[in-house]
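A quick write-up on the structure given underneath.
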Amino acid sequence: VQLQASGGGLVQPGGSLRLSCAASGMLFSIRRMGWYRQAPGKQRELVASITSDGSTNYADSVMGRFTISRDNAKSTLYLQMNSLKPEDTAVYFCTRFDWRGPDYWGQGTLVTVSS
C-alpha cells in the first residue's frame, strides 16, 4: 500500500489549497480514508474522513472551511481547504482506515499559513 500526498505549500491567511493523495496497492473504493494533521509540538489530530459510500465527518475546527472528497476511478483522496488560518499550519497526512483505525499513512505534506 502506498499513499502519496501532495499539494501543500505556503499560503496567506484566508487563502485556499487543495491536497491530493494518490493511493496504490489497495482496493481504494471500499476503504474509509482520511486526513490527519500534526502541528509543531502538538499531537496528530483527525481533520476529516470519508467512508466508501461518501459519508464525511470533520473536526470542529475545520467544519465549514474544509471539504474532503474522493475519486474512486482515480484512487485519489482530496482535501479542499478554504479560509485558511495560521492555526491550520501543520503537516497533513493521508491515511487509510481499517476497523480498528488508521492502518497506513502517507508521507505527509506541509501546509504553512502565514503572511
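The values are calculated or read from the model by the stated rules, or taken from the named source; none is laboratory data. Predicted model, so just to flag it, every value in this text is computed and none were measured. Here the Cβ is made from the backbone with ideal geometry for all residues, glycine too, and neighbour counts use every protein chain on show. Heads up: the accessible areas ignore ligands, DNA and RNA and are worked out on the full protein's heavy atoms, side chains in. Shrake-Rupley method; radii C 1.70, N 1.55, O 1.52, S 1.80 Å.
The rows are residues; the columns are (1) more than 17 Å from GLY106 (Cα to Cα); (2) open to solvent by 60 Å² or more (accessible area, probe 1.4 Å); (3) not hydroxyl-bearing (Ser, Thr, Tyr).
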| site | (1), (2), (3) |
| --- | --- |
| GLN38 | no, yes, yes |
| ARG44 | no, yes, yes |
| ASP53 | yes, yes, yes |
| THR56 | yes, yes, no |
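Listed here are the residues, each with its yes/no results for (1) small (Gly, Ala, Ser); (2) at pLDDT 95 or above.
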| position | (1), (2) |
| --- | --- |
| GLN12 | no, yes |
| ARG18 | no, yes |
| LEU27 | no, no |
| ILE30 | no, no |
| GLY34 | yes, yes |
| ALA39 | yes, yes |
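Within region 78-98, residues that are at negative phi reach partners that are at pLDDT below 95 and acidic (Asp, Glu) with beta carbons closer than 7 Å, at six or more positions or on different chains, in the pairs ARG96/ASP103; PHE97/ASP103.
Scanning region 1-10 for residues that are in contact with a Lys or Arg (Cβ under 8 Å, 6 or more places away or on another chain) and at pLDDT 95 or above yields LEU3, GLY7. Filtering region 77-101 to residues that are open to solvent by less than 50 Å² (accessible area, probe 1.4 Å) and over 21 Å from PRO40 (Cα atoms) leaves LEU77, TYR78, ARG96, PHE97, ASP98, GLY101. Of the listed requirements (1) open to solvent by less than 50 Å² (accessible area, probe 1.4 Å); (2) assigned to a loop (DSSP other than H, G, I, E, B); (3) under 13 Å from CYS21 (Cβ atoms), LYS74 misses just one: (1). Only one of the listed residues (ARG96, ARG100) is touching a Gly at 6+ places or on another chain (Cβ under 9 Å) and over 25 Å from GLY14 (Cβ atoms). That residue is ARG96.
When LEU46 is tested against (1) closer than 22 Å to VAL113 by Cα; (2) in contact (Cβ under 8 Å) with a residue 40 or more places away in the chain, just one condition goes unmet, and that condition is (2).
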